[in-house]
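Since the structure comes first, as structure tokens, the remarks are kept for the end.
The values are calculated or read from the model by the stated rules, or taken from the named source; none is laboratory data. Owing to the predicted nature of the structure, the values given are computational and were not obtained by experimental measurement. Note that each Cβ is placed from the backbone with ideal geometry, even for glycine, and that neighbours are counted across all protein chains shown.
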Amino acid sequence: MPPPAAIVDPEIDAVEAELLRLDPSGDRVARVLRETLDQLLDGRRRGRWSYTDLHKTEKTYMGTLVEINLHREFDFADGDDTDYQIAGVQVDCKFSQKIGGWEFGPELVGHLGLVVWANDLQSIWRAGLVRASTGILRESTNRDAKRKLTQTGLAQVRWLWDSHPGLEPNQILQMDPIQRERIYSAGPSGQARLDQLCRELQRVILRRTTVETIGWGLVDPLKRMRANKGARDNLRPEGLLVLGHQDNDPLVAAALGLPRPTKGQFIVCRVVPAEVGTGAEISGTWWRPAELEDPVVSAPVVPRRISTVYPRVP
């Protein structure tokens with residue numbers, strides 16, 4: 001069966017062009033969705049990391065937050081009967097955890113919908129435009145007289161940013177359940193959980209939200225990843241370097257062949273002494289990422305002030 005014919009709609013064309021002008025790659029929309037999910041989970045204060053942990057009312061509020069946060073991000077003009085006015089066109093924002101789950105009230109019939117969907121477990125999202133015409137809305141309604149798209153209506157959605165790589169991952173949700181259990185059973189304190197997080201997830205960027213959620217209950221979870229009785233000091237005898245975004249840390253990460261942390265991020269790596277000119281030079285000695293069979297050696301102390309000497313990248 002041939003694909004459905006493209007819908008000719010100059011207003012959809014205009015809104016699509018404006019959205020792609022404002023966000024050519026889709027990165028801004030993806031960031032808003034990631035931040036909105038994190039905002040609702042509220043990991044730092046509540047310790048929650050899964051959408052299933054939310055109350056029913058919170059899940060309902062997700063759509064409102066997406067609408068508000070997109071409004072703030074793009075500074076759209078207010079609509080009359082709709083949420084936004086984009087390129088002079090009335091557009092209403094609809095979010096759902098399911099493709100096709102968007103509901104349109106009677107006042108929105110005939111208007112454009114910016115329909116948005118996200119799946120935190122798979123780190124995927126989609127956004128598109130559709131005109132909520134009577135002919136593509138189901139006859140059945142809910143108690144608020146809202147209607148969903150028919151299959152024909154779903155086929156008429158003009159999807160945007162199809163090539164976007166996806167949401168920044170929810171590291172705790174997507175973690176191996178055995179690793180997650182070890183982290184949460186490491187001890188009653190947030191510090192014990194953070195130390196175990198560093199042992200479990202090495203050589204990958206640890207997101208700020210991940211650290212704050214694992215360390216919930218602490219006044220400053222990010223501080224507890226650093227020195228002064230934090231993870232950096234606690235794990236040095238185990239050979240683990242805990243690197244952040246400050247001082248020499250990003251240079252050390254790059255010299256070790258690791259991603260560079262940016263503000264609020266960390267990366268952990270077990271290191272062992274290396275031959276001169278191999279890996280990173282830290283305080284006059286050379287270090288490389290450890291292999292599984294390498295013996296455990298206490299990790300070096302990375303100088304806290306920016307240095308033009310250490311580390312050196314061959």
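Could you tell me whether any residue of the stretch 70-79 is of a type outside the set (A, V, I, L, M), in a loop (DSSP other than H, G, I, E, B), over 16 Å from the mean Cα position of the chain (by Cα) and modelled with pLDDT under 95?
Among the residues of the stretch 70-79, not one is of a type outside the set (A, V, I, L, M), in a loop (DSSP other than H, G, I, E, B), over 16 Å from the mean Cα position of the chain (by Cα) and modelled with pLDDT under 95, which makes the answer no.
In the stretch 139-152, is there at least one residue being buried (at least 17 other Cβ atoms within 10 Å of the Cβ) and within 29 Å of the chain's Cα centre (by Cα)?
yes
Regarding Arg45, is this residue in the same structural domain as Gly101 (by TED's automatic domain parsing), in a helix (DSSP H, G or I) and surrounded by fewer than 14 Cβ atoms within 10 Å (Cβ to Cβ)?
yes
Working only within the stretch 81-120, note down all residues that are over 24 Å from Arg143 (Cα atoms) and either free of Cβ contacts under 8 Å to residues at least 40 places away in the same chain or not in a loop (DSSP other than H, G, I, E, B) (or both).
Residues satisfying the conditions are Tyr84, Gln85, Ile86, Val89, Gln90, Ala118, Asn119.
List the helices (runs of 4 or more DSSP H) that sit entirely inside the stretch 169-282 and contain at least 2 residues that are at pLDDT 95 or above and more than 24 Å from Asp294 (Cα to Cα).
Because the criterion is at least 2 residues that are at pLDDT 95 or above and more than 24 Å from Asp294 (Cα to Cα), the helices (runs of 4 or more DSSP H) in the stretch 169-282 that meet it are 171-174, 177-184, 190-200, 208-214.
Under 16 Å from Trp117 (Cα atoms) and not assigned by TED's automatic domain parsing to the domain that holds Thr213, is that true of Val15?
It is false that Val15 is under 16 Å from Trp117 (Cα atoms) and not assigned by TED's automatic domain parsing to the domain that holds Thr213.
May I ask you to list the residues in the stretch 155-168 that are small (Gly, Ala, Ser) and either over 30 Å from Glu11 (Cα atoms) or part of a loop (DSSP other than H, G, I, E, B) (or both)?
Ser163, Gly166
Mind telling me which of the residues Ala145, Ala155, Ala127, Ala118 ends up being over 24 Å from Arg28 (Cβ atoms) and at pLDDT 95 or above?
So the residue among Ala145, Ala155, Ala127, Ala118 that is over 24 Å from Arg28 (Cβ atoms) and at pLDDT 95 or above is Ala155.
Would you say Thr64 is part of a loop (DSSP other than H, G, I, E, B) and modelled with pLDDT of 95 or more?
For Thr64, the condition - part of a loop (DSSP other than H, G, I, E, B) and modelled with pLDDT of 95 or more - is not met.
Since Val204 meets every condition but one in (1) among the β-branched types (Val, Ile, Thr); (2) surrounded by 18 or more Cβ atoms within 10 Å (Cβ to Cβ); (3) in contact (Cβ under 8 Å) with a residue 60 or more places away in the chain, which condition does it not meet?
Among (1) among the β-branched types (Val, Ile, Thr); (2) surrounded by 18 or more Cβ atoms within 10 Å (Cβ to Cβ); (3) in contact (Cβ under 8 Å) with a residue 60 or more places away in the chain, Val204 violates only (2).
Out of Ala118, Ala127, Ala132, report the one residue that is in contact with a strand residue (DSSP E or B) (Cβ under 9 Å, 6 or more places away or on another chain), crowded, with 21+ Cβ neighbours inside 10 Å and farther than 21 Å from Gln90 by Cβ.
Ala118
Any chance the stretch 243-256 includes a residue that's closer than 12 Å to Arg203 by Cβ and touching a residue at least 60 places away in the same chain (Cβ under 8 Å)?
Among the residues of the stretch 243-256, not one is closer than 12 Å to Arg203 by Cβ and touching a residue at least 60 places away in the same chain (Cβ under 8 Å), which makes the answer no.
Just checking, which of Arg21, Arg31, Arg46 is farther than 21 Å from Ile124 by Cα and either touching a residue at least 60 places away in the same chain (Cβ under 8 Å) or among the acidic types (Asp, Glu) (or both)?
Sole residue among the options that is farther than 21 Å from Ile124 by Cα and either touching a residue at least 60 places away in the same chain (Cβ under 8 Å) or among the acidic types (Asp, Glu) (or both): Arg46.
Yes or no, residue by residue, for (1) surrounded by fewer than 21 Cβ atoms within 10 Å (Cβ to Cβ); (2) of a type in the set (S, T, N, Q):
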position	(1), (2)
Asp233	yes, no
Gln246	yes, yes
Ile267	no, no
Ala274	yes, no
Gly279	no, no
Gly284	yes, no
Arg288	yes, no
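Does Leu112 satisfy being more than 24 Å from the chain's Cα centre (by Cα) and either crowded, with 18+ Cβ neighbours inside 10 Å or aromatic (Phe, Trp, Tyr) (or both)?
Yes, satisfied.
Restricting the search to the stretch 68-91, which residues are surrounded by 19 or more Cβ atoms within 10 Å (Cβ to Cβ) and under 26 Å from Gln122 (Cα atoms)?
Leu70
Somewhere in the stretch 136-145, is a residue touching a residue at least 40 places away in the same chain (Cβ under 8 Å), over 30 Å from Trp49 (Cβ atoms), among the small types (Gly, Ala, Ser) and assigned to a loop (DSSP other than H, G, I, E, B)?
The answer is yes; a qualifying residue exists.
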